[in-house]
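The values are calculated or read from the model by the stated rules, or taken from the named source; none is laboratory data. Because the structure is predicted, anything quoted here is derived from the model rather than measured. Cβ atoms come from the backbone with ideal geometry, glycine included; neighbour counts cover every protein chain shown.
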Amino acid sequence: MLKHPPGWEEQKDIHRPALPSLVPDHSMPSLHQNLPLPCPGLHVVPSTVCVAESGRGWLPGAELFTWVFGPLSQPQQTSRMAANKSKSQSSLALHKVIMVGSGGVGKSALTLQFMYDEFVEDYEPTKADSYRKKVVLDGEEVQIDILDTAGQEDYAAIRDNYFRSGEGFLLVFSITEHEAFTATAEFREQILRVKAEEDKIPLLVVGNKSDLEERRQVPVEEARSKAEEWGVQYVETSAKTRANVDKVFFDLMREIRAKKMSENKDKNGKKSSKNKKSFKERCCLL
């Protein structure tokens, strides 16, 4: 029997509903809804469901548990799903791409076209915008992280930090601006200076706005010759028509992947050589 606290008096005029009525057929209360359930001998805390009758304990059945605790268990389930999703994404290869070039050449337009299949013609000058997307590269699901940097001279001082984090670079100019093409040499020098410790830096030269052929100021042969001098690929794109947009991003990711594989192979080779040397040093003639 459920014992009553001292001074408790039975309230006979209170109507106690039958147990089946405690569970609504087609409704679910919010977590802050108080149910009018008399619970003699128990301290009823607001927003807490108390179901008892004559000291016989809690109402059995999965229906009540789901009704009361279902909303409470949902955040934990969502949290686990988010954790599993995060773990799955973290296991994917991540390739970090930096968009480099003078202001107004279409770096942001190329990025947004690749990310969302949209051409944005009018937009504010970029300071630094970051994007991430899952793509399938040669049958393998990977992630690409794109940092769209500012081309204005005002941001030249902070570009070093951006370049250090990059694994590959799209060096963009507009075929309608010869000055922007000339500036690519300066951007390249800055990249080489920041990444001086690396042997071969994945980089593509991109001549954007190929849809404006009638306004071309940079001949194809001139741009191609400069790219060959630097030992890199030259591709012309159009963010407006989407011509070669996917190509430049995927080709650059392939170069990044190849470099990573080469570096891992070198590391494993050095580690194996070191282990063999260590084993020989431990050997002695008997």
Original post:
loosely packed, with under 12 Cβ neighbours inside 10 Å, at pLDDT below 95, over 23 Å from the mean Cα position of the chain (by Cα) and farther than 25 Å from ARG188 by Cα: does that describe ASP154?
Top reply: no
**OP:** Return a yes/no flag: does the range 179-189 have any residue that is in the same structural domain as GLN143 (by TED's automatic domain parsing), within 31 Å of the chain's Cα centre (by Cα) and within 28 Å of GLY139 (Cα to Cα).
**Re:** no
Subject >> Hey, ASP211 surrounded by fewer than 20 Cβ atoms within 10 Å (Cβ to Cβ) and under 18 Å from VAL232 (Cα atoms) or not >> reply: no
Original post:
Residue check: is ASP145 in a strand (DSSP E or B), at pLDDT below 95 and either surrounded by 12 or more Cβ atoms within 10 Å (Cβ to Cβ) or among the β-branched types (Val, Ile, Thr) (or both)?
Top reply: no
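Condition first: among the charged types (D, E, K, R), outside any strand (DSSP E or B) and in contact (Cβ under 8 Å) with a residue 12 or more places away in the chain. Now tell me which residues in the range 148-168 satisfy that.
ARG159, ASP160, ARG164, GLU167, listed by residue number.
Rundown of residues vs (1) part of a helix (DSSP H, G or I); (2) modelled with pLDDT of 95 or more, yes/no style:
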position: ARG224; (1), (2): yes, yes
position: GLU229; (1), (2): yes, yes
position: TYR234; (1), (2): no, yes
position: PHE250; (1), (2): yes, yes
position: ARG257; (1), (2): yes, yes
position: ASP266; (1), (2): yes, no
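Of the residues LEU112, LEU171, which is assigned by TED's automatic domain parsing to the domain that holds ASN208 and either under 25 Å from LYS200 (Cα atoms) or assigned to a loop (DSSP other than H, G, I, E, B) (or both)?
LEU171
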